[in-house]
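Working notes, structure below.
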Amino acid sequence: MSKTFGGSGTRTTWTISVWVKRCVADQNHMIWSAGSNGFAWFQSNNTIQWSFTSGGVQLVTTRLFRDVGSWMHLLFVADTPDGTSTERMRLYVNGVREAVSFTSTPSASQSGDWFNSANTHYIGRYTTPYYAQMFMANFQCVDGTDLSPSSFGEFKNGIWVPKSYSGSYGTRGFFLDFGNSADLDADVSGNGNDFTATSMSAANQVVDTPTNNEAVIDTLQSKSTGWTSIGAI
């Protein structure tokens with residue numbers, strides 16, 4: 001899916017919330033991108049890398065994410081006006097802040113590539129053919145606000161589960177719930193910031209969701225050299 005915004009949003013401060021379920025580990029899988037220097041992806045070594053803009057302004061997770069049987073909630077928070085450099089890019093996984101290492105932190109009030117109207121914004125791909133071999137749900141982007149995980153989820157019996165976001169999305173913000181199989185790229189935030197889906201149809205909508213996790217073949221435990229499709233359902 002892709003979109004070029006008619007005007008720039010707040011390039012210093014924003015929040016992206018998305019649920020993902022990887023279909024296969026040990027491969028590069030793009031989550032979202034804007035231009036060639038703003039992106040987040042699972043790398044082939046199973047870390048998550050988030051690049052804010054050019055010049056090595058990026059972070060990478062300490063731990064690895066190889067689980068293909070569970071949904072996970074990712075929260076990317078950008079707030080470059082923050083006085084503490086390491087608080088300007090924050091990544092949370094299932095409600096908990098992730099330990100990361102920085103190549104370089106953003107400078108004070110630095111603008112990133114996300115919400116730059118000069119960039120095409122992609123969900124599930126990069127400018128060159130890196131795609132997302134994963135399921136996605138509830139992709140929400142809030143323009144101009146630094147939000148915490150509790151805005152989008154909560155713990156129930158020790159498990160992080162989604163909850164409805166009740167705040168404003170800002171001017172360029174959007175909410176893609178992928179709920180309408182005939183209009184998968186529709187923004188349901190009320191802002192009308194619809195994306196354009198490419199090579200997608202109702203067949204790309206599945207019943208596997210964060211609240212209805214389908215059992216899959218655990219490819220990490222398999223000794224087979226074969227391959228799976230449709231998330232190994």
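What follows is calculated from the coordinates using simple rules that are stated; it is not laboratory data. Bear in mind the structure is a predicted one, so any value in this text is a computation, not a measurement. Every residue, glycine as well, gets a Cβ built from its backbone with ideal geometry; the counts of neighbours run over all protein chains shown.
Largest first, the three principal axis extents of the alpha carbons in the stretch 1-84 are 38, 32, 22 Å in whole numbers. The slack between Phe155 and Ala99, meaning 0.36 nm per residue of separation minus the straight C-alpha distance, is 18.2 nm. Overall, the stretch 27-153 carries a charge dipole of about 320 debye about its Cα centre when +1 sits on the Cβ of Lys and Arg and -1 on the Cβ of Asp and Glu, all other atoms neutral. Phi angles across the stretch 141-149 convert, under the Karplus curve 6.51 cos²θ - 1.76 cosθ + 1.60 with θ = phi - 60°, into 3J(HN,Hα) values of 10, 10, 8, x, 9, 8, 10, 9, x Hz, Gly and Pro given as x.
Using the charge dipole of the stretch 2-232 (Lys, Arg: +1 at Cβ; Asp, Glu: -1 at Cβ; taken about the Cα centre), state which of Thr62, Leu184, Phe174 has its Cα farthest towards the positive end. Value computed over the given set: Thr62. Considering only Leu91, Phe139, Thr10, and ranking their Cα positions along the charge dipole of the chain that arises from unit charges at the beta-carbon of Lys, Arg, Asp and Glu, the one farthest toward the positive end is Leu91.
Using a cutoff of 8 angstrom between alpha carbon atoms and counting only pairs six or more residues apart, the relative contact order for the stretch 2-232 works out to 25 percent. Only the Cβ atoms of Lys and Arg (+1) and of Asp and Glu (-1) were treated as charged; on that basis the dipole of the chain about its Cα centre amounts to roughly 380 debye. Averaging over all projection directions, the Cα-based convex hull of the stretch 2-232 occupies 12.5 nm² in the image plane.
Given in Å, the Rg to one decimal and the Dmax to the nearest whole number for the Cα atoms of the stretch 94-213 are 16.0, 45. As a length-normalised measure over Cα pairs under 8 Å and 6 or more apart, the relative contact order of the stretch 43-119 settles at 32 percent. Considering only alpha-carbon pairs that sit under 8 angstrom and 6 or more positions apart, the relative contact order computed for the stretch 143-205 is 22 percent. Of all segments of the chain bounded by trypsin sites (Lys or Arg not before Pro) found in a DSSP loop with no more than 16 other C-beta atoms within 10 Å, the longest spans 67-162.
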